[in-house]
Amino acid sequence: MDNTQATLILIESKKILDTLGIHFWLTDGTLLGCYRENDFIKHDYDIDIALFAKDYNEKIVESFANQGFKVRGRMGTQAEGLTFSFSKNGIQIDLFFAYEEEDYIWYACWVENYEWIENTKVSKYELVKFAYPKTNFKKIIFKEHEFNIPDDVEKYLSWEYGKYWQIPEQDWHWTATKNLIDAPWLQLPQISLKRNFNIIYHLYIQVLHSLVQQYKRNPSDPDILSALQKARKQNADFWMSIPPEEIKTTYSGLMKMSHQILRKSGIQNESTATSELDIIFKMLNQAQERNLEPNQYLLAALLYIRPEQLQLQKDTDTVRITLARPNP
């Protein structure tokens, strides 16, 4: 994003909203750059500002259009969650409308999704909510102009970016924000093999990749480790639910990627919940006793142990697999 053009667009947007008498504040990446670096973040690609939904004014779109802005998107409604996107001179600015709850505020993000129904691609948009602490506001000078920012800006940023918001992260992706409410990609769904993978899986991979990167930088952080262990259990449960005849088809594309990301994370070196391993051992043994291929249980087990902990025992006609239990 061109810094000079972004500065002009932000100042022009301020004049428009000030003229309409609408209170707004810097948020998300724009707030982070303003507070941490006193500048736009170099690798950011848009400007983010927020305003209260109760202050919605029908003249907003007209006023931006009159100043040469193009309407890139208007998602949702004022009742369910509204966002605007405008662009000018190659710079995009997003307006998020904040909705007040009892102890937090939230605004909407509409994520395009699709699924295949009877060989027909059906598109839809799913509402995702970003939550922030309720806040008062204070003034700050940014780009030689006065802007509103949250009064407790560090708490506000921590809700979104976590406790390490002070550390620049160039490969950060918005799907990994900490303040998402019931985002569909935070849970690994049970996929239907009758339709293609959709955008939710791409977002899930982004979240998983970002989580592993955080873990590698801060392996002793209990919150990060807990989140990664939860993701591992989700994946293990997924693989153990797949029928044996569908393993080969399933272990492809994004599901293979999620398995490999976790295997390469190093989480196998952490202590493991005994109850989770007990389930995998039990199902693995049951499969072999019934002379079934235990592949789905091996995939689950490899999220908890290293390959060298697998032991092969060859009988006359069969090869049995046992696992060397890691230390609890």
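The values are calculated or read from the model by the stated rules, or taken from the named source; none is laboratory data. Not measured: the values here are computed from a predicted model. Methodologically, a virtual Cβ is constructed for each residue, glycine included, from the backbone with ideal geometry; neighbour enumeration extends over all protein chains shown. SASA here: full protein model, heavy atoms, side chains in, ligands and nucleic acids out. Shrake-Rupley method; radii C 1.70, N 1.55, O 1.52, S 1.80 Å.
What the table below lists for this structure:
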{"read-out": "Distance in nm between pseudo-label sites at Ile167 and Ile279 (7 Å out along the Cβ direction from Cα)", "value": "3.1 nm"}
{"read-out": "Two-decimal log10 I(q)/I(0) for segment 1-137, as the Debye equation yields it once each C-alpha is a single scatterer, q = 0.09, 0.14, 0.20 Å⁻¹", "value": "-0.29, -0.69, -1.27"}
{"read-out": "With DNA, RNA and ligands ignored, accessible area of Trp174 (1.4 Å probe; Å², nearest 10)", "value": "60 Å²"}
{"read-out": "Set of aspartates and glutamates near Lys54 by C-alpha distance (under 18 Å), chain-local residues within fewer than 8 positions excluded", "value": "Asp18, Glu80, Asp94, Glu100, Glu101, Glu102, Asp103"}
{"read-out": "Histogram of C-alpha separations across segment 100-155, 5 Å bin width, %", "value": "4, 15, 13, 14, 12, 11, 9, 7, 5, 5, 3, 0"}
{"read-out": "Residue-wise HN-Hα coupling along segment 51-67, computed from phi with Karplus coefficients 6.51, -1.76, 1.60 (Hz; x: Gly, Pro)", "value": "8, 6, 4, 5, 9, 4, 9, 4, 7, 4, 4, 4, 5, 5, 4, 5, 9"}
{"read-out": "Nearest-0.05 FRET efficiency for Ser226 and Thr77, computed from C-beta distance (R0 30 Å)", "value": "0.25"}
{"read-out": "Above-threshold pairs, the threshold being 22 Å between Cα atoms, out of Lys155/Lys264; Lys230/Lys264; Lys14/Lys163", "value": "Lys155/Lys264; Lys14/Lys163"}
